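J.: First, the structure itself, so that you have it in front of you.
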Amino acid sequence: MLKSVPRTRRWAAVLGAAAVLAAPLPAYAHDAVLDSNPKDGAVVKEFPSEVSLEFSGLIKPDFNTFALTDLGSGEQILTGEPTVDGQVASLPVPENKRAGEGKYQLGYQITSSDGHATRGKIVFEVSSTGDVTPSTAKPEAKEEASASKSQDANADTEQTSNFGLFAGIAAAVMLLGVLVVAVKKRRDL
Ligand SMILES: [Cu+2]
């Protein structure tokens, strides 16, 4: 297959393979929620005046949304674009939006440091019985990659980029084969 290919083109392929292999691999680890206020699963006495999420990477400033939902009624209390400060995104809750006792969900979609949309939610409860801060509860961070399992329509971003990654690896492997053939041919000369 390579016999008809001019030598210079063969070496161009080899250089291409080297470039692909030398290129830094994209980060696999997407940003996750490290901490939040309120914490996921927490029971608080009063509705927080501000909700915030701390992510594992620097949040990109665009396309970030928070949504507070009353899980009892299903009603959305508040949506808005959070203020981003490094790894922390926060949204103030106006006094007239601070609801009473009940269970609430803070849903989020942020653009994580690798440029992918990251969605997820935390839940908390407002109850006069007192504060309970879960010690082991981890915020639920749902990356697009895992969301694809649940056939979520919005999971396209991650799948597309993963496909690009696999296509890149496949191309690198193919070009590596070209490199091996080229080296073998040289040795045979
Ligand atoms: Cu990602």
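J.: Inspect all residues belonging to region 97-105 and state whether any of them is in a strand (DSSP E or B) and basic (K, R).
T.: Yes, region 97-105 contains a residue that is in a strand (DSSP E or B) and basic (K, R).
J.: Take S150 and tell me if it is modelled with pLDDT of 55 or more and more than 16 Å from F66 (Cβ to Cβ).
T.: No; evaluated as a whole, the condition is false for this residue.
J.: Inspect all residues belonging to region 14-31 and state whether any of them is part of a loop (DSSP other than H, G, I, E, B), in contact with a strand residue (DSSP E or B) (Cβ under 8 Å, 6 or more places away or on another chain), modelled with pLDDT under 95 and under 28 Å from L91 (Cα atoms).
T.: Yes, there is a match, as at least one residue in region 14-31 is part of a loop (DSSP other than H, G, I, E, B), in contact with a strand residue (DSSP E or B) (Cβ under 8 Å, 6 or more places away or on another chain), modelled with pLDDT under 95 and under 28 Å from L91 (Cα atoms).
J.: Are any residues in region 100-127 more than 23 Å from the chain's Cα centre (by Cα) and basic (K, R), and if so, which ones?
T.: Once the filter is applied, which keeps residues that are more than 23 Å from the chain's Cα centre (by Cα) and basic (K, R), region 100-127 yields only K103.
J.: Going residue by residue through region 47-67, is there one that turns out to be of a type in the set (S, T, Y), touching a Gly at 6+ places or on another chain (Cβ under 9 Å) and under 21 Å from T111 (Cβ atoms)?
T.: Looking through region 47-67, at least one residue is of a type in the set (S, T, Y), touching a Gly at 6+ places or on another chain (Cβ under 9 Å) and under 21 Å from T111 (Cβ atoms).
J.: Output the residues belonging to region 32-69 that are touching a residue at least 60 places away in the same chain (Cβ under 8 Å), under 28 Å from G115 (Cβ atoms) and over 19 Å from the mean Cα position of the chain (by Cα).
T.: K39
J.: Out of the residues in region 81-95 meeting the condition of being part of a strand (DSSP E or B) and buried (at least 16 other Cβ atoms within 10 Å of the Cβ), tell me which one is farthest from the chain's Cα centre (by Cα).
T.: Among residues in region 81-95 that are part of a strand (DSSP E or B) and buried (at least 16 other Cβ atoms within 10 Å of the Cβ), the one farthest from the chain's Cα centre (by Cα) is L91.
The values are calculated or read from the model by the stated rules, or taken from the named source; none is laboratory data. Note that the coordinates shown come from a computational prediction; the quantities given were computed from them, not determined experimentally. Every residue, glycine as well, gets a Cβ built from its backbone with ideal geometry; the counts of neighbours run over all protein chains shown.
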